[in-house]
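Visitor: Submitted below is the structure of interest, expressed as structure tokens.
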Amino acid sequence: MSITGLLLIIWGYSLARQEPVVVWTPPPFTRHIAALLAVIAFIFITASYIPRNGIKARLHHPMTLGIKTWALAHLIANGTLHDIVLFGSFLAWAILLFRASRKRDAALGVTYAAGSGGATALTIVAGIAGAIIFALWLHAPLIGVRPF
């Protein structure tokens with residue numbers, strides 16, 4: 001079901017891109033803000049996979065924070081209706097999920113392992129590397145848009 005939903009999102013988004021409805025035109029500097037936020041999003045997402053890093057120890061749900069940051073970056077840099085609907089939906093979902101996850105953790109008394117400096121450094125380096133690789137070589141062929 002999840003794969004079907006994802007494929008429908010991709011299909012619908014690609015159809016909407018063929019006849020875009022411009023709601024607002026972002027100033028050029030927003031692309032730089034979006035690029036910085038995308039790097040931060042990659043670091044957050046990486047933090048969800050590397051054990052005992054300080055980011056996960058401190059923030060508890062870095063994947064959800066990464067999705068929130070990624071969606072916000074795209075909302076800042078894009079002004080078409082289909083971008084606002086897609087990325088706004090992801091942002092709203094991530095905000096609600098983060099809130100529910102924090103409440104669940106509090107109710108269950110969940111604790112997170114302390115992070116180590118080495119794991120945190122590895123998380124940051126891997127996140128930055130992932131962001132660079134995706135921006136320079138994968139975003140255009142997979143998404144159809146060159147970020148730079």
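Read-outs: derived from the displayed coordinates by stated rules, not from any lab. Quantities reported herein were computed from a predicted structural model and do not represent experimental measurements. Here Cβ is always computed from backbone atoms with ideal geometry, including for glycine, and neighbour counts include all displayed protein chains.
Visitor: Can you tell me which of 132, 43, 55 moves the most in a GNM of the chain? Springs connect C-alpha atoms under 10 Å apart.
Guide: So, out of 132, 43, 55, the one fluctuating most is 132.
Visitor: To the nearest 10 degrees, how steep is helix 2-18 against the longest Cα principal axis of the chain, on a 0 to 90 scale?
Guide: Relative to the chain, helix 2-18 is tipped by roughly 30 degrees.
Visitor: Checking the a/c ratio against 1.5 first, then a/b against b/c, what shape does the Cα gyration tensor give for the range 22-143?
Guide: On the way: a/c = 2.82, a/b = 1.43, b/c = 1.98.
Judged from the Cα gyration tensor, the range 22-143 comes out oblate (a/c at least 1.5, b/c at or above a/b).
Visitor: Give me the angle, in degrees from 0 to 90, between the Cα long axis of helix 117-133 and the longest principal axis of the Cα atoms of the chain, rounded to the nearest 10.
Guide: With rounding to tens, the tilt is 10 degrees.
Visitor: Under the classification rounded if a/c is under 1.5, otherwise prolate if a/b is larger than b/c and oblate if not, where does the range 73-148 fall, given a ≥ b ≥ c as square roots of the Cα gyration tensor eigenvalues? Walk me through the numbers before you get to the answer.
Guide: Details: a/c = 3.83, a/b = 1.29, b/c = 2.96.
Note, shape of the range 73-148 comes out oblate.
Visitor: Provide 82, 139 in ascending order of the number of other Cβ atoms located within 10 Å of each residue's Cβ, fewest first. Mind showing how you got there, number by number?
Guide: Details: 82 19, 139 16.
Taking fewest neighbouring Cβ atoms as first place, the list is 139, 82.
Visitor: Shifting gears a bit: Considering the dipole of the range 53-115 built from charges on the beta carbon (Lys and Arg +1, Asp and Glu -1) around the Cα centre, which of 95, 85, 55 is farthest to its positive end?
Guide: 55
Visitor: A follow-up question, please. Hey, what angle do you get for helix 62-77 against the long axis of the chain, alpha-carbon based, 0 to 90 degrees rounded to 10?
Guide: Approximately 30 degrees, to the nearest ten.
Visitor: Spin-label point model (7 Å from Cα, Cβ direction): what's the residue 134 to residue 96 distance in nm?
Guide: Spacing of the two 7 Å Cα→Cβ label points: 2.3 nm.
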